[in-house]
1. In this structure, is Trp104 hydrophobic (A, V, I, L, M, F, W, C) and touching a Pro at 6+ places or on another chain (Cβ under 9 Å)?
2. Which count do you get for residues in the range 275-323 that are touching a Lys or Arg at 6+ places or on another chain (Cβ under 8 Å) and free of Cβ contacts under 8 Å to residues at least 24 places away in the same chain?
3. Read through the list (1) modelled with pLDDT of 85 or more; (2) within 16 Å of the ligand (Cβ to nearest atom); (3) surrounded by 15 or more Cβ atoms within 10 Å (Cβ to Cβ), then give the number of the only condition that Ile485 fails.
4. Can you pull out every residue in the range 453-476 that is surrounded by fewer than 14 Cβ atoms within 10 Å (Cβ to Cβ) and in a helix (DSSP H, G or I)?
5. Hey, which of the strands (runs of 3 or more DSSP E) in the range 356-441, taking only ones fully inside, have at least 3 residues that are over 37 Å from the mean Cα position of the chain (by Cα)?
6. Restricting to the range 134-152, count the residues that are polar (S, T, N, Q) and closer than 23 Å to Val244 by Cα.
7. Go through the range 573-614 and give me each residue that's closer than 29 Å to Gly534 by Cβ, aliphatic (A, V, I, L, M) and touching a Pro at 6+ places or on another chain (Cβ under 9 Å).
8. Output the qualifying pairs, or none if there are none: Cβ atoms under 8 angstrom, residues six or more apart or on different chains, first residue in the range 59-80 and free of Cβ contacts under 8 Å to residues at least 60 places away in the same chain, second residue assigned to a loop (DSSP other than H, G, I, E, B).
Amino acid sequence: MLERLGERWRPQHWRRRLLWSALTALVLALLLTLVWLAGRYEASQVQSRLERDAADAVGDIRSRLTRNLQSLQALQFGEPGPARWSQEATALLRERRELVRIEWRDDHFNVLNQAGTPYRPPVFDRLGRDSVQSEVTQVCNAARRLSGPAYSGSYFVPMTDGLGLEVMEMCLPLASAGVVMGYLVATYSLQDLLDDLGPQLTRSQEVSFTEGDGTRLAIRGNSRRGGRVFSAQHLLDLPGTTLVLRMDSWRGAPDLFPNVLTALVTAMSIALVAILLLLGKDMRRRLKAERDLADALAFRKAMEDSLVTGLRARDLQGRITYVNPAFCQMVGFTAEELLGQGVQAPPYWPPELADEYRKRQEIRLAGNVPPREGYESVFMHKDGTRFPVLIIEAPLINAQGVQTGWMSAFLDIREQRRVEELSRASQERLQATARLAMVGEMASLLSHELNQPLAAIASYATGTQNLLDQGAHSPADIRLAMHRIAEQAERAGKVIKSVHDFVRRRDQAREAIAPRLLLDAILPLVNLQARKLGVQVQIRLAPDLPTVLCDRTMVEQVLLNLARNGMQAMDQPEIRRRVLTLEVRRSPADARWIEFSVADIGPGIAPEVAEQLFTPFFTTKAEGMGLGLSLCRTVIEQHGGNLVFESSPPHGTVFRFTLPAGPAA
Ligand code: ADP
């Protein structure tokens, strides 16, 4: 059973392990994907925000350029004189930081008037404005072609302070009635164009104008570097040239969880893994409990199967809910035949007793607690044989402490009964044997005792014959002789009857009997032996003794046996005075008991003999059987009393036994 359980358990165990591993791997993969996706989602968010910011910045710059263009056109409004132009141009330069220089040129590109930014030292001081003449010419030609503003590519202008500036020219053709009269050339500082974006930039952003190969022309921002960088590029399309605006943004690199979403997903993942671990641990505990339970179950099953005691459980309606193999074997029915049965008569009740059993069952089901030591009943085997059983019942209490039925244990007491019967029979046989042995012993005494009356009868008969022969026949003499003969015959008859009575009386019933009667019954037999051995028999009866409750025959035999042992012990040449004392009194220890004692003044009992005194067949006599004392003790103990002996001073032994007192005599 155990192995079977174990075998079944093993493959399941492996399958469960496999499932758990697969689940763990899947959950881990899922969680990693989730964290990765969250990270990616977040990166794409950042990227698109950056793209938006870059587009905003480009739009911003474009609108500034357009506004500047309008302001520059306004300079020429109403054909101003040189002085007013200078004044207005200077005001414009003060207002717009990104403009570093404004020139008014004629249609041959000669400078008519010019103004420089008040925020910087003159930009073209170091190189001279003429060095960039070609750029100006180029852009103004382009402007003329476009009939509108045109922008040049940017170029670097080194300055006197050792630094330099990336600048870009813008040329606006001044036309009157379709003929170009001159040009307005404005120089932009790329750096200042970016600087004006300032407030829109966040601290971790950097914005720059770059060339196609990534070289930065002007940079704004750059407060923090390191970590993950996101970039967005946008083109600033201007007539004549195209600028690339690049925006970079740094995310704090050491941040493992760059935003709330990723952190949340990660935290949830960790929680999930923790729960998975806890579940796994719980599962392991459960598995262990399951295994322990299986072990306990197997153990219980093995125990039940090996029991010789029958077990049966019934619910509160009396239906059989469980039987063990021993019970099935006892009654000869299979478990299937028995389960569910029992509300009516179960098949193992003998039909003639079913009514009585049903009443008993009703009493039990009404909630009466059965005797703890059990009770006896008779069951019927499937083949019809009746057999006695000992039933021990107890309420069946479930785990919640509620009674759900009754549990009964059954012992087949057939064998026990047989043994009891055997021992009772052998005990009886032993007693009968002992009695017969004693009778045999008595036969010799009897012959001795009968000799006297028989001799007397013979001599009376001879005397009578002689009288008749002599012819002198006084009827009075002959009647006297006959009377004597009758007397002697009666005496002999009494002797024989006393023995006969003793041997024949077999009724076992206990009766209340006066102690005196017990002694009277044995005295004729005791006296027989006493006379032969020259023993004087003394009787001491306490006054007002109640009756004793006993099996008369048995107790008489005990008394006779003790008296005989006492007399035999005194049968020694050196013992002159031979007295046997039979005494009856209330027990000094307990008045509910009557104490009998038989005392002799023999040699007493040696310690090595005392040890084995009550052992059956122990004897020191050549013709003894050694059964007397062991039977005596059995008889007395069957009456509830006890038999003891002690030495009685100056020498001799006294045997005492007790019997329960009955009603007053
Ligand atoms: P049996 O008389 O057949 O030997 P008992 O069981 O009556 O068997 O006695 C066993 C032995 O106990 C006797 O052989 C004797 O040695 C001893 N015994 C019994 N009663 C006395 C007694 N009153 N005094 C001394 N010895 C005794």
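The values are calculated or read from the model by the stated rules, or taken from the named source; none is laboratory data. Being a predicted model, the structure only gives us computed values, none of them experimental. Glycine gets a Cβ as well: all are built from the backbone with ideal geometry, and neighbour counts include every protein chain shown. Accessible surface is based on the protein model in full, side chains and every heavy atom, while ligands, DNA and RNA are left aside. Shrake-Rupley method; radii C 1.70, N 1.55, O 1.52, S 1.80 Å.
1. yes
2. Matching residues across the range 275-323 total 2.
3. In the conditions (1) modelled with pLDDT of 85 or more; (2) within 16 Å of the ligand (Cβ to nearest atom); (3) surrounded by 15 or more Cβ atoms within 10 Å (Cβ to Cβ), Ile485 misses (2) alone.
4. Ala455, Ala458, Thr462, Gln465, Asn466, Leu468, Asp469, Gln470, Pro475, Ala476
5. Output list reads 375-380, 386-397.
6. Total satisfying the criteria: 2.
7. Hits for the range 573-614 are Ile575, Val584, Ile601.
8. Going by the 8 Å Cβ cut-off, the qualifying pairs are Ser71/Arg96.
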